[in-house]
Amino acid sequence: MQDLRSQLVAKLGATLPPEDAADDPVTVSDPLGPSGHLDSPWVCMLRELLPLGGVAPMPPDAKLARCQQVTAQVVKLLKKSGRAADARTLAKLRDEYVARRAKVAWARVKRRFSELGASEKAYRSLKQGNADPERILRNMDRMDREMFEGAGARRLRELLLR
């Protein structure tokens, strides 16, 4: 693989990043981390629009819920001031970020289910039931592996949704 890579670099005359750069935790922010939302396009646009007036200041390390509250306020102010396109853009960026965050969370839940040997039926039951995947992940972290082994879908659902 390395030989093929060096041949391509020599032929094209380009420099490529190291192969493991994509997995580097420093360069890739965790969307589920406590500050994963702060460098998203949604929060960047929100910070640009904050000087509107009428909106409480947002700390530089604001939590996700606070960013969502401020976004709702800014969207209302933008609509009132006739900037509906900016309001739609900001709301769309927020919705896309929240959807991407949920997708990552569900992928991690599914991976944990397969690692623990839990049933696929239980995973599907949770996902179809509109459960919060981040809450499920937090509950899974607190549970022992033995609780998953041999538990049916109903029992796992009860354990993870409490």
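Points to keep in mind about this one:
- Test: residue in region 82-95 that is among the aliphatic types (A, V, I, L, M), in contact (Cβ under 8 Å) with a residue 24 or more places away in the chain and outside any helix (DSSP H, G or I): no
- Of all residues assigned to region 13-30, none qualifies as being modelled with pLDDT of 75 or more and not in a loop (DSSP other than H, G, I, E, B).
- Of the residues in region 94-105, at least one is surrounded by 13 or more Cβ atoms within 10 Å (Cβ to Cβ) and farther than 28 Å from Ala56 by Cβ.
- Selected residue (criterion: modelled with the highest pLDDT) from residues of region 115-156 that are outside any helix (DSSP H, G or I) and within 18 Å of Lys103 (Cβ to Cβ): Asp132
The values are calculated or read from the model by the stated rules, or taken from the named source; none is laboratory data. Small disclaimer: the values here were computed from a predicted structure and weren't measured. Virtual Cβ from ideal backbone geometry, glycine too; neighbours counted across all protein chains shown.
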